[in-house]
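The values are calculated or read from the model by the stated rules, or taken from the named source; none is laboratory data. Remember, it's a predicted structure, so these values are computed and weren't measured experimentally. Cβ: placed from backbone, ideal geometry, glycine included. Neighbour counts: every protein chain shown.
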Amino acid sequence: MRYRAVWCLIFVLAAGVTANAANVTRTEHFEIVFDDDGGDAETVGAQMETRFGVYNRLFRFDPEQAVFPLRVRAFTDTDAYNAYVESRLKTPLPGAVYLHYSQTEKRELVINCGSAEEKSTLPYQAFVQFFRAFVTQPPAWMREGFAFFFNTLIFTGEGQLAYEENLAWLETVKTMQNRPAIEEILLADDPSGSDFQSLAWSLVSFFINSGKEEYARALTDSFMALSNANTGAQNTQAVMKRIMLGNSADGLAKDYENYLDSRKTFTELITAGQMAYNAGDRLGAELSFRSALDQKPGHFVPLYYLGLLAYEGNDFAVAEQFYQASMQGDADQPLVLYALGINAAAAGKNAQAVDYLRQAAAAAPERYRDKAEHIISRLGK
């Protein structure tokens, strides 16, 4: 199954959340410590338990194999967060960072709650904390691939997690020159950098979304091959052996390439939508533009074309909503103003139409002044 649409994962808040002090909360698997009095440790604890449940629905690790509680240190003061992280790292990381040490009692996830970077960095770091609680030295591709696979698992409110498939690196991987063989990615020691991270994500996406039972089973079996007692190299070799068991290298590589070809990048979806629109295939165009919007919510191009399609379907209220939404991005403002004017005129909102058309003419007179004046005259204004 391919998760192209937005997942909404609704979970009951973890039971048994208890506050032992004004700034400390203990849950089933976590201890949340706030270094100031302004934080809500119980809410952070509930979020972390919910994330833990989502991760372990996939991995099915035995909780008795990890040392609990997992520590989370939270700040609401950015300066205090930076000072704490800088005392432990040479380069501070904004939003959230998991600090891993050989001594389990020193390991902790540090969060700058309410910061602008929290939403984009916490999902990655929270997964790494979970994973390394069970497997101290996991294969590099698994650590990075799943961390980015879950990087769009966002906590949106009381007991709710929303997931939108992370396709940010799809175009990077598909257009990558001299892409390494799958075996090289699976056996990578501990590389860093966006190229490896994007490749690791693509392998996770392939194993989960390929639709082939043998790959889904190979992935599940590989989780069972992991051991906290192993070195990173031993875990990597164990996982490689499980994945290749019953799968040929050539067949795996071919299926991986076919999978990547089947997934459309944002650019490919926009091109397909425009071609369908120009050919009069309104349904095909709408499907392509909506898929593009799923990948990049708020991007002005699919929003503008969805507005055009709604206008042509005489759904003028919906068309206006799409046009207005496209104005929030980097849209061609005069173009959208002109479209809003045409839409308003078709809806019988003449005064509003004139206002939009005059704005378009003023913003780009060489493009829209004559056309706007012609339409305004026809409206009797």
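Here are some notes:
- TYR256 being farther than 28 Å from THR136 by Cα and of a type in the set (Ser, Thr, Tyr): yes
- Contact annotation: residue pairs with Cβ atoms under 6 Å, 6 or more positions apart or on different chains, pairing a residue in segment 126-148 that is under 14 Å from TYR101 (Cα atoms) with a partner that is surrounded by fewer than 22 Cβ atoms within 10 Å (Cβ to Cβ) and among the β-branched types (Val, Ile, Thr), are GLN137/THR231.
- Condition met for LEU109 (touching a strand residue (DSSP E or B) at 6+ places or on another chain (Cβ under 9 Å), at pLDDT 95 or above, closer than 27 Å to ALA292 by Cα and of a type in the set (A, V, I, L, M, F, W, C)): no
- Residue count, segment 169-182 (criterion: surrounded by fewer than 17 Cβ atoms within 10 Å (Cβ to Cβ) and within 22 Å of PRO138 (Cβ to Cβ)): 2
- Residues that are within 16 Å of VAL33 (Cα to Cα), in contact with a helix residue (DSSP H, G or I) (Cβ under 9 Å, 6 or more places away or on another chain) and not polar (S, T, N, Q), drawn from segment 96-113: ALA96, VAL97, TYR98, LEU99, ARG107, GLU108, LEU109, VAL110, ILE111, CYS113
- None of PHE131, PHE127 is under 30 Å from ASN258 (Cα atoms), surrounded by 18 or more Cβ atoms within 10 Å (Cβ to Cβ), within 14 Å of the chain's Cα centre (by Cα) and modelled with pLDDT of 95 or more except PHE127.
- Residue within segment 230-241 that is more than 21 Å from the chain's Cα centre (by Cα), surrounded by 13 or more Cβ atoms within 10 Å (Cβ to Cβ) and modelled with pLDDT under 90 present: no
- Check on MET1, closer than 30 Å to LEU170 by Cα, at pLDDT below 50 and touching a helix residue (DSSP H, G or I) at 6+ places or on another chain (Cβ under 8 Å): yes
- Test: residue in segment 183-205 that is in a strand (DSSP E or B) and either touching an Asp or Glu at 6+ places or on another chain (Cβ under 8 Å) or crowded, with 19+ Cβ neighbours inside 10 Å (or both): no
- Within segment 305-323, not a single residue is of a type in the set (Asp, Glu) and closer than 26 Å to LEU170 by Cα.
- Screening the candidates THR152, THR121, THR156, THR78 for the property of being surrounded by fewer than 17 Cβ atoms within 10 Å (Cβ to Cβ), over 20 Å from ASP36 (Cα atoms), free of Cβ contacts under 8 Å to residues at least 60 places away in the same chain and not hydrophobic (A, V, I, L, M, F, W, C) yields one hit, THR156.
- Residues of segment 52-64 classified as surrounded by 12 or more Cβ atoms within 10 Å (Cβ to Cβ) and either over 28 Å from the mean Cα position of the chain (by Cα) or closer than 15 Å to GLN129 by Cβ (or both), total: 8
- Test: residue in segment 75-90 that is assigned to a helix (DSSP H, G or I), aromatic (Phe, Trp, Tyr) and under 23 Å from the mean Cα position of the chain (by Cα): no
- Within segment 230-254, residues that are free of Cβ contacts under 8 Å to residues at least 60 places away in the same chain have Cβ atoms under 6 Å from residues that are of a type in the set (D, E, K, R) in these pairs: ARG242/ASP221, counting only partners at least 6 apart in sequence or on another chain.
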